[in-house]
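First comes the structure, then the notes that go with it.
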Amino acid sequence: MADPELSREDVKTAATAESADIVIGIASYNNARTIGHVVRAVDAGLAKYFPGEKAIIINSDGGSKDSTPEEVLNAKTDHKAVFLSHRLHPVNRITTPYHGIPGKGSAFRTIFKLATELGAKACCVVDADLRSITPEWIELLLSPVVKEGFDFVAPLYSRHKYDGTITNSIIYPLTRSLYGRQIRQPIGGEFGFSGKMADFYLNQDVWNTDIARFGIDIWMTTEALAGGFKVCQSYLGAKIHDPKDPGSDLKDMFVQVVGSLMSLTEKHHEQWINLSGSRDVPTFGFKYMAAVVPIKVNTEGMLRHFRIGAKNLRDLWAGFMDKEAVSHIAALAREDAPLFRFPKEDWVRAVYDCLLAYHHRKLPPEHLLKSLIPLYYGRTASFFLETADMSDEEAENVVEEVAAEYEKHKNYLTANW
Amino acid sequence: MERITDRLSGYLSTFWEKLMEFIPDALIIILIVASGFIVASFVNHIFQKGFRAVRFDAWSEQIGFTTALRKAGFSITPTKFMGSFLYWFVVVLFFMAGFASLGYEVTDALVSLFFMYLPRFFSAVVIIVFGYFAANFLARAVLIAAVNAGIEYSKLLSESVRIFLFILAFAMAFEQLAIAPKIVLTAFAIFFGTIGLALAIAFGAAGKEYAKKALSHLFSKKEEDSGIDQL
């Protein structure tokens with residue numbers, strides 16, 4: 001029976017292709033500028049590394065107002081003759097607009113559904129706004145599944161030290177501390193997974209929740225970790241994508257991503273509560289020094305936000321954080337920029353207190369998460385100042401130290417859960 | 001002298017007769033009120049048990065009811081507070097029922113007035129309670145939004161919203177209780193009209209430059225933000 005969330009068109013397109021060994025999903029929305037390149041890279045990767053497999057590229061589009069679907073269907077690979085000669089089955093390209101709640105979650109559901117119906121043994125999803133994707137990414141995301149039997153492949157990128165600050169300060173260290181596996185980019189956006197994993201995802205009851213709407217990346221990673229699946233990561237090089245929508249708001253993004261992580265932490269408390277420490281996951285790909293796009297940051301602006309928060313939100317923070325810690329944070333706000341430091345111990349404690357308050361329903365989730373934003377600004381400004389003269393590799397060590405701090409104090413979280 | 005004694009004994013015997021007539025009524029009132037205390041204790045016990053079962057205290061903590069009680073000088077838990085409220089409400093109900101049993105014109109009028117006033121009283125209580133929670137929730141939402149928008153005096157703004165909503169709720173409750181509705185309405189209109197006018201003048205005269213700066217800061221921030229990918 002057709003799923004009510006999938007349109008007739010989806011079902012029809014699934015029916016035209018009877019089976020596939022590999023399914024590549026590309027979720028898009030107004031990505032006409034880059035999606036052609038992404039499809040060509042995917043096409044070339046499939047032809048070069050999986051010539052004997054029957055593969056399908058699924059573009060699940062969120063109703064783009066530009067020519068994204070046309071770009072997908074018109075995309076031609078540069079070396080088509082060469083690659084096609086190695087191919088047993090031509091790569092089909094299907095454009096399926098997705099419906100239901102708008103966003104990446106709905107797109108991925110469509111992809112999981114079709115992957116399951118087509119009996120795919122390996123799948124991967126890539127973002128449609130990528131500029132730095134190469135055919136090798138497809139090999140790196142699929143080979144661990146096809147050749148090594150892994151269920152889930154997370155991406156590993158070279159990023160500028162100032163890039164991915166939410167990932168570096170909360171998502172990576174907290175996921176690592178909770179589930180005991182060192183997946184560096186839990187919300188990277190590009191993932192490889194087995195057909196079994198796609199079927200597992202499809203059958204989870206999340207598709208009408210906020211997690212499906214806003215936190216599909218962290219959900220995929222967390223479910224793979226909490227579900228005991230075989231996970232690994234692949235080094236893809238530098239990730240360069242189209243500039244994000246200038247109208248997109250950090251506050252909403254923060255609430256959506258961190259809120260999804262906290263919601264999943266509640267859901268899987270039985271899986272993480274008895275774990276301690278962490279271990280590395282198998283890493284594929286050759287790590288090299290990739291050039292990353294330099295980033296200009298507004299440290300003073302972040303500090304200003306932190307100071308305003310410390311001045312106005314003290315009482316609110318004291319409602320779910322240790323009062324001494326709040327006083328200490330308020331004292332930090334009086335430090336001038338060059339010397340300003342937000343100690344990692346205070347930051348970790350604040351995140352754990354916020355997570356506990358979320359669990360114990362001390363405040364409405366949105367208020368709680370938004371009240372954490374000034375603290376995030378403070379910690380991020382401190383990180384920028386601390387690593388100003390460091391290389392990306394040295395700054396990475398600071399991120400690792402923060403992650404170790406999360407692990408060190410995990411017993412505080414478990415004791416108060 | 002004899003006449004005085006006769007008249008006094010006449011009065012005393014009438015009083016005695018009336019008292020003898022009243023004693024059964026008084027006993028009935030005492031009985032009703034006593035049973036009221038027993039029923040109230042039972043209701044209190046049942047509701048406290050129910051409130052504990054649904055974790056009313058934890059919920060009250062979350063929505064700020066516990067804090068409100070503490071601020072109002074109650075050092076008991078929200079469950080006990082609600083239990084006590086219901087207890088005394090049931091006692092008063094039985095007390096009024098006892099009065100009604102007398103069948104006097106005055107007590108009948110008093111009792112019917114009481115029962116006619118009850119819906120108004122409860123509406124006013126609901127308005128106050130809802131107003132309190134709405135004011136706290138919205139004040140907190142304004143505080144957090146203002147802080148994240150980079151407004152220095154976010155707390156002042158948030159407290160203004162809280163006070164405005166409290167006054168609005170109390171004015172509505174007074175109107176519901178029919179306590180000087182015209183005065184309340186007029187005072188309310190004058191008070192907020194004055195505040196609105198004062199704010200408009202203040203912002204127009206003194207806030208022009210600040211508004212300009214705030215807007216330019218907002219737009220320049222958008223441009224700066226677009227360079228970094230926090231995810």
Inset, instruction - Answer yes or no: is there a residue in region B:164-175 that is away from every other protein chain (no Cβ under 14 Å), at pLDDT 85 or above and within 23 Å of A:LYS311 (Cα to Cα). - result: yes
Inset, instruction - Would you please name the residue that is nearest to the chain's Cα centre (by Cα), looking only at residues in region B:133-186 that are part of a loop (DSSP other than H, G, I, E, B) and more than 26 Å from A:PHE254 (Cα to Cα)? - result: B:LEU177
Legend entry - Residues within region A:330-343 that are buried (at least 18 other Cβ atoms within 10 Å of the Cβ) and within 14 Å of chain B (Cβ to nearest Cβ), tallied: 1
Inset, instruction - Determine whether A:GLY285 is surrounded by 15 or more Cβ atoms within 10 Å (Cβ to Cβ) and either under 16 Å from A:THR221 (Cα atoms) or more than 14 Å from every other protein chain (Cβ to nearest Cβ) (or both). - result: yes
Legend entry - Cross-chain or 6+ apart pairs with Cβ under 6 Å, region A:18-36 first and among the polar types (S, T, N, Q), then part of a helix (DSSP H, G or I): A:SER28/A:ILE35; A:SER28/A:THR68; A:ASN31/A:THR68
Legend entry - Qualifying residue in region B:108-129 (condition: within 14 Å of the chain's Cα centre (by Cα) and of a type in the set (Gly, Ala, Ser)): yes
Legend entry - Residue in region B:94-105 that is of a type in the set (Ser, Thr, Tyr) and farther than 23 Å from A:ASP315 by Cα present: yes
Legend entry - Flag for A:PHE306 being in the same structural domain as A:ARG349 (by TED's automatic domain parsing), surrounded by 14 or more Cβ atoms within 10 Å (Cβ to Cβ), part of a loop (DSSP other than H, G, I, E, B) and of a type outside the set (Val, Ile, Thr): no
Inset, instruction - Identify, from the list B:ALA146, B:ALA139, the residue that is within 13 Å of chain A (Cβ to nearest Cβ), at pLDDT 90 or above, surrounded by 16 or more Cβ atoms within 10 Å (Cβ to Cβ) and touching a Lys or Arg at 6+ places or on another chain (Cβ under 6 Å). - result: B:ALA139
Inset, instruction - Looking only at region A:240-253, decide whether some residue is under 28 Å from A:PRO282 (Cβ atoms) and within 14 Å of chain B (Cβ to nearest Cβ). - result: yes
Inset, instruction - Considering every residue within region A:108-117, establish whether at least one is outside any helix (DSSP H, G or I) and surrounded by fewer than 24 Cβ atoms within 10 Å (Cβ to Cβ). - result: no
Inset, instruction - For region B:99-112, state whether one or more residues are farther than 20 Å from A:PRO374 by Cα and touching a Ser or Thr at 6+ places or on another chain (Cβ under 8 Å). - result: yes
Legend entry - Residue in region A:307-325 that is small (Gly, Ala, Ser), over 32 Å from the mean Cα position of the chain (by Cα) and more than 14 Å from chain B (Cβ to nearest Cβ) present: no
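The values are calculated or read from the model by the stated rules, or taken from the named source; none is laboratory data. From a predicted model like this one, the values you see are computed outputs, not experimental measurements. Note that we place each Cβ from the backbone using ideal geometry, even for glycine, and neighbour counts take in every protein chain shown.
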